[in-house]
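A short write-up of the structure that comes next.
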Amino acid sequence: MKQIGLVIISALLLTQTLQACWIYSTPQERVNRADMIAIVELVGQSGTVDKGEYFVGRDQSKTYMRKDTVWEVKVDQVIKGFHIGESLHILTDGMRDNKVKMSTDFYLDEEMDQYAIVYLNSRKEGYYVEEPADVVPLKQIIDGDLEATLQQENLLDKPLRSEQTQEDWVTYQQLLLELEEERQGLFSIKIREGIDNLYHFLEQIG
(Lines give C-alpha, C1' and ligand atoms only; values in the text may rest on other atoms or scores of the structure.)
Protein backbone atom coordinates (compact mmCIF):
# COMPACT_ATOMS: atom_id res chain seq x y z
CA MET A 1 0.00 0.00 0.00
CA LYS A 2 2.83 2.37 0.84
CA GLN A 3 4.37 1.84 -2.61
CA ILE A 4 1.01 2.42 -4.31
CA GLY A 5 0.61 5.63 -2.36
CA LEU A 6 4.05 6.82 -3.46
CA VAL A 7 3.22 6.06 -7.09
CA ILE A 8 -0.02 8.08 -6.87
CA ILE A 9 1.72 11.02 -5.20
CA SER A 10 4.51 10.93 -7.79
CA ALA A 11 1.97 10.95 -10.63
CA LEU A 12 0.21 13.94 -9.13
CA LEU A 13 3.49 15.82 -8.73
CA LEU A 14 4.34 15.24 -12.40
CA THR A 15 1.18 16.97 -13.63
CA GLN A 16 0.60 19.58 -10.94
CA THR A 17 1.75 23.15 -11.42
CA LEU A 18 3.05 24.98 -8.37
CA GLN A 19 1.71 28.47 -7.72
CA ALA A 20 4.13 30.95 -9.20
CA CYS A 21 5.42 33.75 -6.98
CA TRP A 22 5.95 36.60 -9.43
CA ILE A 23 8.25 39.35 -8.18
CA TYR A 24 6.64 42.80 -8.20
CA SER A 25 8.27 45.23 -10.63
CA THR A 26 7.73 48.97 -10.62
CA PRO A 27 6.60 50.53 -13.91
CA GLN A 28 10.07 51.97 -14.50
CA GLU A 29 11.73 48.59 -13.83
CA ARG A 30 9.40 46.76 -16.20
CA VAL A 31 9.85 49.31 -18.99
CA ASN A 32 13.64 49.37 -18.55
CA ARG A 33 13.87 45.56 -18.44
CA ALA A 34 11.93 44.96 -21.65
CA ASP A 35 13.89 44.59 -24.88
CA MET A 36 10.71 45.30 -26.84
CA ILE A 37 7.34 46.78 -25.94
CA ALA A 38 4.61 46.43 -28.56
CA ILE A 39 0.88 46.68 -29.07
CA VAL A 40 -0.22 43.44 -30.69
CA GLU A 41 -3.19 41.43 -31.89
CA LEU A 42 -3.19 37.72 -31.08
CA VAL A 43 -3.40 35.43 -34.13
CA GLY A 44 -2.96 32.16 -32.24
CA GLN A 45 -0.58 29.39 -31.24
CA SER A 46 1.84 28.62 -34.04
CA GLY A 47 4.15 25.94 -32.64
CA THR A 48 6.53 24.89 -29.88
CA VAL A 49 10.26 24.88 -29.18
CA ASP A 50 12.19 22.17 -27.33
CA LYS A 51 13.57 23.11 -23.93
CA GLY A 52 15.49 19.92 -23.27
CA GLU A 53 15.05 16.90 -21.03
CA TYR A 54 14.18 17.05 -17.34
CA PHE A 55 14.93 14.26 -14.87
CA VAL A 56 12.11 13.34 -12.49
CA GLY A 57 11.30 10.66 -9.94
CA ARG A 58 12.83 9.69 -6.62
CA ASP A 59 15.95 8.32 -8.30
CA GLN A 60 15.89 10.85 -11.18
CA SER A 61 15.77 7.93 -13.61
CA LYS A 62 12.91 9.17 -15.80
CA THR A 63 13.27 11.94 -18.32
CA TYR A 64 10.62 14.09 -19.95
CA MET A 65 11.03 16.58 -22.76
CA ARG A 66 9.68 20.05 -22.02
CA LYS A 67 8.50 22.47 -24.68
CA ASP A 68 7.62 26.16 -24.70
CA THR A 69 4.74 27.60 -26.70
CA VAL A 70 5.20 29.85 -29.73
CA TRP A 71 2.46 32.38 -30.48
CA GLU A 72 1.92 34.42 -33.63
CA VAL A 73 0.85 38.03 -33.14
CA LYS A 74 0.18 40.89 -35.51
CA VAL A 75 2.21 43.97 -34.55
CA ASP A 76 0.21 47.18 -34.55
CA GLN A 77 2.85 49.45 -33.01
CA VAL A 78 6.32 49.08 -31.50
CA ILE A 79 6.86 51.44 -28.56
CA LYS A 80 10.32 50.23 -27.56
CA GLY A 81 12.78 48.20 -29.59
CA PHE A 82 12.78 47.43 -33.30
CA HIS A 83 10.81 45.11 -35.55
CA ILE A 84 10.26 44.99 -39.30
CA GLY A 85 7.07 43.47 -40.63
CA GLU A 86 3.55 42.91 -39.44
CA SER A 87 3.91 39.38 -38.03
CA LEU A 88 5.92 38.48 -34.93
CA HIS A 89 6.39 35.19 -33.11
CA ILE A 90 6.70 35.39 -29.33
CA LEU A 91 7.06 32.68 -26.69
CA THR A 92 5.81 31.78 -23.22
CA ASP A 93 7.22 29.21 -20.81
CA GLY A 94 5.57 25.81 -20.94
CA MET A 95 3.13 23.92 -23.13
CA ARG A 96 -0.24 22.50 -22.15
CA ASP A 97 0.82 18.93 -23.02
CA ASN A 98 4.05 19.02 -21.00
CA LYS A 99 4.12 16.22 -18.44
CA VAL A 100 6.54 18.21 -16.30
CA LYS A 101 5.00 21.52 -15.26
CA MET A 102 6.87 24.55 -13.92
CA SER A 103 5.62 27.36 -11.73
CA THR A 104 6.48 29.83 -14.50
CA ASP A 105 4.20 28.19 -17.10
CA PHE A 106 1.36 30.29 -18.49
CA TYR A 107 -0.43 30.72 -21.81
CA LEU A 108 -0.87 33.90 -23.80
CA ASP A 109 -4.43 33.12 -24.87
CA GLU A 110 -5.45 32.96 -21.19
CA GLU A 111 -4.00 36.42 -20.49
CA MET A 112 -5.52 38.30 -23.42
CA ASP A 113 -8.51 38.01 -25.72
CA GLN A 114 -7.42 39.77 -28.90
CA TYR A 115 -5.38 42.93 -28.23
CA ALA A 116 -2.67 43.68 -25.67
CA ILE A 117 0.45 45.59 -24.79
CA VAL A 118 3.26 43.06 -24.32
CA TYR A 119 6.63 43.52 -22.62
CA LEU A 120 9.13 41.19 -24.30
CA ASN A 121 12.59 39.96 -23.36
CA SER A 122 15.05 38.49 -25.83
CA ARG A 123 16.40 34.96 -25.34
CA LYS A 124 18.27 32.73 -27.78
CA GLU A 125 14.98 31.15 -28.92
CA GLY A 126 13.29 34.51 -29.54
CA TYR A 127 11.21 37.10 -27.70
CA TYR A 128 9.60 35.83 -24.50
CA VAL A 129 6.76 37.17 -22.39
CA GLU A 130 8.33 36.45 -19.00
CA GLU A 131 5.24 36.59 -16.78
CA PRO A 132 1.48 37.27 -16.94
CA ALA A 133 1.91 40.84 -15.69
CA ASP A 134 3.87 41.55 -18.89
CA VAL A 135 0.59 41.22 -20.81
CA VAL A 136 -1.82 44.16 -20.55
CA PRO A 137 -5.04 43.24 -22.42
CA LEU A 138 -6.87 45.98 -24.32
CA LYS A 139 -10.45 46.31 -25.47
CA GLN A 140 -9.36 47.76 -28.80
CA ILE A 141 -6.49 49.39 -30.65
CA ILE A 142 -7.21 52.98 -31.64
CA ASP A 143 -5.20 53.47 -34.82
CA GLY A 144 -2.88 56.44 -34.83
CA ASP A 145 -3.71 57.45 -31.26
CA LEU A 146 -1.42 55.81 -28.70
CA GLU A 147 -2.64 58.06 -25.89
CA ALA A 148 -6.25 56.99 -26.44
CA THR A 149 -5.23 53.32 -26.68
CA LEU A 150 -3.46 53.61 -23.32
CA GLN A 151 -6.43 55.10 -21.48
CA GLN A 152 -7.43 53.08 -18.43
CA GLU A 153 -10.98 52.81 -19.79
CA ASN A 154 -9.53 50.82 -22.70
CA LEU A 155 -7.95 48.17 -20.46
CA LEU A 156 -9.74 44.84 -20.59
CA ASP A 157 -10.89 43.63 -17.19
CA LYS A 158 -8.95 40.73 -15.69
CA PRO A 159 -7.97 39.79 -12.12
CA LEU A 160 -6.12 42.76 -10.66
CA ARG A 161 -2.48 42.42 -9.73
CA SER A 162 -0.51 44.93 -7.73
CA GLU A 163 1.24 45.99 -10.95
CA GLN A 164 -2.10 47.05 -12.42
CA THR A 165 -3.27 49.48 -9.79
CA GLN A 166 -4.64 52.77 -11.03
CA GLU A 167 -1.66 54.72 -9.71
CA ASP A 168 0.83 52.42 -11.43
CA TRP A 169 -1.05 52.54 -14.71
CA VAL A 170 -0.82 56.34 -14.80
CA THR A 171 2.96 55.93 -14.50
CA TYR A 172 2.96 53.30 -17.26
CA GLN A 173 1.04 55.67 -19.54
CA GLN A 174 3.56 58.46 -18.98
CA LEU A 175 6.56 56.19 -19.57
CA LEU A 176 5.13 54.65 -22.75
CA LEU A 177 4.12 58.01 -24.19
CA GLU A 178 7.62 59.36 -23.44
CA LEU A 179 9.14 56.37 -25.25
CA GLU A 180 6.93 57.02 -28.28
CA GLU A 181 7.88 60.71 -28.27
CA GLU A 182 11.56 59.75 -28.22
CA ARG A 183 11.03 57.33 -31.12
CA GLN A 184 9.24 59.98 -33.15
CA GLY A 185 11.98 62.51 -32.42
CA LEU A 186 14.71 60.06 -33.44
CA PHE A 187 12.75 59.17 -36.59
CA SER A 188 12.49 62.87 -37.52
CA ILE A 189 16.23 63.32 -37.02
CA LYS A 190 17.00 60.32 -39.24
CA ILE A 191 14.69 61.68 -41.97
CA ARG A 192 16.38 65.10 -41.82
CA GLU A 193 19.81 63.46 -41.96
CA GLY A 194 18.72 61.42 -44.97
CA ILE A 195 17.43 64.51 -46.80
CA ASP A 196 20.63 66.44 -46.01
CA ASN A 197 22.75 63.57 -47.31
CA LEU A 198 20.65 63.40 -50.47
CA TYR A 199 21.04 67.14 -51.12
CA HIS A 200 24.79 66.87 -50.49
CA PHE A 201 25.04 63.99 -52.97
CA LEU A 202 23.04 65.89 -55.62
CA GLU A 203 25.29 68.96 -55.19
CA GLN A 204 28.37 66.79 -55.67
CA ILE A 205 27.14 65.28 -58.91
CA GLY A 206 26.02 68.69 -60.18
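The values are calculated or read from the model by the stated rules, or taken from the named source; none is laboratory data. Everything numeric in this text was worked out from a predicted model, so none of it was measured. For neighbour counting, all protein chains shown are included, and Cβ atoms are generated from backbone atoms with ideal geometry for every residue, glycine included.
Odds and ends about this structure:
- Residue within region 102-119 that is in contact with a Ser or Thr (Cβ under 8 Å, 6 or more places away or on another chain) and either at pLDDT 95 or above or polar (S, T, N, Q) (or both) present: yes
- Of residues in region 154-169 being over 20 Å from Val40 (Cβ atoms) and exposed (fewer than 13 other Cβ atoms within 10 Å of the Cβ), the one modelled with the highest pLDDT: Glu167
- Within region 79-112, considering residues that are touching a Gly at 6+ places or on another chain (Cβ under 8 Å) and either more than 21 Å from Asp50 (Cβ to Cβ) or not aliphatic (A, V, I, L, M) (or both), the one surrounded by the fewest Cβ atoms within 10 Å (Cβ to Cβ): Asp109
- Unique match (being modelled with pLDDT under 60 and under 21 Å from Thr104 (Cβ atoms)) among Thr69, Thr17, Thr63, Thr26: Thr17
- Reported count of residues in region 118-134, each being out of contact with any Leu (no Cβ under 7 Å at 6 or more places or on another chain) and assigned to a strand (DSSP E or B), is 6.
- Complete set of residues in region 65-109 that are over 14 Å from the mean Cα position of the chain (by Cα), without any contact (Cβ under 8 Å) to a residue 40 or more places away in the chain and in a strand (DSSP E or B): Met65, Arg66, Lys67
- Taking first residues from region 110-131 that are among the charged types (D, E, K, R) and partners that are part of a loop (DSSP other than H, G, I, E, B) and at pLDDT below 95, the Cβ contacts under 6 Å between residues at least 6 apart in sequence or on separate chains come to Glu131/Trp22.
- Of the listed requirements (1) under 24 Å from Gln28 (Cα atoms); (2) among the acidic types (Asp, Glu); (3) under 17 Å from the mean Cα position of the chain (by Cα), Asp145 misses just one: (3).
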